[in-house]
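**Q** Dropping the structure in here first, questions after.
The values are calculated or read from the model by the stated rules, or taken from the named source; none is laboratory data. Quantities reported herein were computed from a predicted structural model and do not represent experimental measurements. Cβ placement follows ideal geometry from the backbone for every residue including glycine, while neighbour counts extend to all protein chains displayed. We work out accessible area using only protein heavy atoms, side chains counted, and drop any ligands, DNA or RNA first. Shrake-Rupley method; radii C 1.70, N 1.55, O 1.52, S 1.80 Å.
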Amino acid sequence: MTPPASTAAAPPPHALPADPLLEIRDLTVHYGVIAALRGISLSIPAGAIVTLIGANGAGKTTTLRTISGLIPARRGAILFAGRNIVGQRPDQIVALGISQVPEGRLIFANLTVLENLRMGAFRQPRRALIADDLDRVYQLFPRLRERPSQIAGTLSGGEQQMLAIGRALMSRPRLLMLDEPSLGLAPLLVAAIFEKIAAINRDQKTTIILVEQNANLALEISDFGYVLETGRVILAGRSTDLRRNPQVRQAYLGVS
Amino acid sequence: MTEFLQQLLNGLSLGAVYALIALGYTMVYGVLRFINFAHSDVFMVGAFAGYYLNRWMPSDSMAGGLAILAGSMAFCALLGVVIERLAYRPLRRRSRLNVLITAIGVSLLLEYTGQFLFGAAPKPFPQLFPVRTFQFAGGLIVSTNQLAVLVLTPLLLAALHFIVLKTRFGTAMRAISFHPVAATLVGINLDRVISFTFALGSALAAAGGILYSLNYQSIDPLMGVLPGLKAFVAAVVGGIGNIPGAALGGLLLGIIETFVNGSRWSTATDAIAFALLILILLFRPAGLLGKLEVEKV
C-alpha cells in the first residue's frame, strides 16, 4: 500500500481490520487531463458501513463511479473479494455483487414502481428468487408495496429514494454503495432513510459504502470513515475517532 | 362514399408499411439517440429475402406465404444485429455524428451490394398469398394482398406492444431509453438489449418490405430509399423515440399521401404530404405524441 500523501494525517495502520470485502489500491482516475483521483487506497471490511466524506470535487462520486465501472481507472486496482474488477462492464460488476444507488437516484421515471424493481433483478433468471427479493424490498419499504403500478416519476422524493434503494437491493448485492441518499430530502425523511440503511446493513449483512455531504449523519451511522480532499485520502479511521478529530470537526462538522 | 372508403383502405395499407418501417427508426433512436439511415435498406433486403425464399420454396398457400414472411423477418433480424455489431458498436463512445455518417455508409453499402448481387433492374415480386379479390356491397374492392397488410400489420403491432410493455427485454429497452447509465448500473447489459432492439426493428422492416412489394409487385435495390425517407419523417411527426407515435405517423402519412394522390393535385403528392407534415411539426415540434427533451449539458 502506498502511504497517503499527507503523512501528518496518515491513518494508523491498526485502525482498519484486515480481510476487506473491497480493497482499492492506489487508484488514479482522470477526466481528460484533469486528475479526479490521485492514488487513493481504501479498505472496506465485510459487514461494515464505511463512509466517504469530503467537499464537492474531493472525488467521492468519482470513486463510486469507478468502482461501478462507469469510468476507467488510469492506474491502480479494485479488488472485490480478492478479485480485480477493473475493466469489467458496469452490468458485470452488478452481477459480481456490487450495486450502486447513484446520486440523484436515477430511477426510471417512465416505468412503474414494479418495473423499476424488476429491472433491478434483470440478471436474475429465477422467478421464485425475484418474488422473494421483491417481498423483502416491500417489507423494508411498505410504501412501495402500496403502489406497484404507479409511474415512478410521479412518486415523492422520499419514495423515489426508497425505490432507488429497493431497485439496487433486487440484484442481491454484497456491497451496496449509496451516493448522497439524503440529497434534497426533508430532515424527517433523511432520518427514515438512514434508519433503513442501518437496517439493510444489520439484517441482510450487506456491506455499505456511504457517500454523504452531511458528515455528522454519515459518521454517526458508519463504522469507518475516509476523508477525501482533491482526489486524495487525507484521513481515515473509526468513525467514532473521526468525530472527535479536531480537523474533521472544524472542516466537516461545522464545530470550531 | 365508396371512393372515400376505397381510398382510405389504400391509404391505410400504404400507411401500415410506413408504420412498420418507422418503428425501427424510432426504437433505435429511443435506445441510442441516433438515426439508423441503413434501416430503409434493411426494408429492401427484406423484400429480396422474400423474393429468393419464394424461388427456393415457392409459396402456393396462406401458410407458405406466412413462412416466407417469417423467414425474411428472421433473416433481417440477424442482418440488423450484424450491422449494429460491426458498424455501430465500435463507435458507441464516439460522437453521434460519427455514427450517423457510418449509418449513411452502411446504407450505401447495402444498396450497391444489392445492385451487385441482384442487378439494378427491377424484378417482379411474386404473389406469396393466393390471389383473390373480394367485392363488397357498394363496390368496395379488397385484394388478398391488401388484406394481408391490413391483418398482419395490427398483429405485428400488437406483438410489438406486448414485447415492449410486458417482457424483460422490452422493459429494459424503455429503461435504457430513459437513462442508459442508470440502466447499466442496475445490471442491464446494454449490448444485448441494443442487439435485441435492432433485431426487432429490422424484422418489422422486413415485414414492411414484403407487404409493400406484394402491393407494388416490383422490387429493386434502391426501392428502400423513398419509403425509408417517408417512414423516417413519419417517425419524426409521431414523435421520434415514441413507439405509438411512429405507428400513428406512418398511418397518417400513408392516408394523406393516398388522398392527395387521388385528387387533381396528384402530381404534387409528395410536396403536399410533406408540407402538411411540416405544418404539424410547426405546431408540435416534438411530434404528435413526443415530449420535448431538454438537452442536458
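**Q** Among the residues of the range B:1-29, count how many are crowded, with 24+ Cβ neighbours inside 10 Å and not hydroxyl-bearing (Ser, Thr, Tyr).
**A** Looking only at that region, the number is 12.
**Q** Just give me the residues in the range A:136-160 being within 14 Å of chain B (Cβ to nearest Cβ) and either under 12 Å from A:Lys196 (Cα atoms) or buried (at least 24 other Cβ atoms within 10 Å of the Cβ) (or both), in sequence order.
**A** Hits for the range A:136-160 are A:Val137, A:Ala152.
**Q** For the range A:80-108, enumerate the residues that are in contact (Cβ under 8 Å) with a residue 24 or more places away in the chain, open to solvent by less than 30 Å² (accessible area, probe 1.4 Å) and of a type in the set (A, V, I, L, M, F, W, C). Quick ask: steps written out before the conclusion?
**A** Filtering the range A:80-108 down to residues in contact (Cβ under 8 Å) with a residue 24 or more places away in the chain leaves A:80-81, A:91, A:93-95, A:97-108.
Narrowing further to those that are open to solvent by less than 30 Å² (accessible area, probe 1.4 Å): A:80, A:91, A:93-94, A:97-102, A:107-108.
Hits for the range A:80-108 are A:Phe80, A:Ile93, A:Val94, A:Ile98, A:Val101, A:Ile107, A:Phe108.
**Q** Go through A:Ile49, A:Ile53 for me and flag whichever is among the β-branched types (Val, Ile, Thr), buried (at least 23 other Cβ atoms within 10 Å of the Cβ) and at pLDDT below 95.
**A** One residue alone meets the criteria, A:Ile53.
**Q** Just to be sure I understand the filter: pairs with C-beta atoms under 6 Å, separated by 6 or more residues or on different chains, first member in the range B:21-47 and more than 13 Å from B:Val236 (Cβ to Cβ), second member among the charged types (D, E, K, R). Which pairs pass?
**A** Pairs found: B:Phe34/B:Arg96; B:Asp41/B:Glu111.
**Q** Among the numbered conditions (1) within 16 Å of the chain's Cα centre (by Cα); (2) in contact (Cβ under 8 Å) with a residue 12 or more places away in the chain, tell me where A:Glu229 comes up short.
**A** All conditions are met except number (1).
**Q** Suppose we filter A:Thr7, A:Thr66, A:Thr28 for residues that are of a type in the set (S, T, N, Q), surrounded by fewer than 20 Cβ atoms within 10 Å (Cβ to Cβ) and at pLDDT 90 or above; which single one remains?
**A** Answer to the check: A:Thr28.
**Q** Here is a further query. How many of the residues in the range A:197-214 are part of a helix (DSSP H, G or I) and within 14 Å of the chain's Cα centre (by Cα)?
**A** Total satisfying the criteria: 4.
**Q** Considering only residues that are closer than 28 Å to B:Asn242 by Cα, more than 9 Å from chain B (Cβ to nearest Cβ) and among the aliphatic types (A, V, I, L, M), look in the range A:86-126 and name the one that is nearest to the chain's Cα centre (by Cα).
**A** Within the range A:86-126, the match that is nearest to the chain's Cα centre (by Cα) is A:Leu117.
**Q** Same structure again: Tell me which of these A:Gly225 doesn't satisfy, since it passes every other one: (1) in a strand (DSSP E or B); (2) among the small types (Gly, Ala, Ser); (3) open to solvent by 60 Å² or more (accessible area, probe 1.4 Å).
**A** Among (1) in a strand (DSSP E or B); (2) among the small types (Gly, Ala, Ser); (3) open to solvent by 60 Å² or more (accessible area, probe 1.4 Å), the lone unmet condition for A:Gly225 is (3).
**Q** Which residues, taken from the range A:181-198, are under 23 Å from A:Ile67 (Cβ atoms) and open to solvent by 10 Å² or more (accessible area, probe 1.4 Å)?
**A** Within the range A:181-198, A:Ser182, A:Leu183, A:Phe194, A:Lys196, A:Ala198 qualify.
**Q** A further question on this structure: Determine, yes or no, whether B:Ala206 is farther than 30 Å from A:Leu106 by Cβ and away from chain A (no Cβ under 14 Å).
**A** Considered against the rule, which asks whether it is farther than 30 Å from A:Leu106 by Cβ and away from chain A (no Cβ under 14 Å), B:Ala206 comes out as yes.
**Q** With a cut-off of at least 2 residues that are away from every other protein chain (no Cβ under 14 Å) and among the small types (Gly, Ala, Ser), name the helices (runs of 4 or more DSSP H) lying wholly within the range B:120-190. Explain how you work it out, then say what you get.
**A** Numbers: elements: B:144-166, B:168-178, B:180-185.
Result: B:144-166.
**Q** Only one residue in B:Leu108, B:Leu100, B:Leu78 is modelled with pLDDT under 95 and either of a type in the set (D, E, K, R) or open to solvent by 40 Å² or more (accessible area, probe 1.4 Å) (or both), so which one is that?
**A** B:Leu100
**Q** Moving on to the next point. Which residues, counting only those in the range A:65-85, are more than 11 Å from chain B (Cβ to nearest Cβ), polar (S, T, N, Q) and farther than 9 Å from A:Leu27 by Cβ?
**A** Hit for the range A:65-85 is A:Asn84, nothing else.
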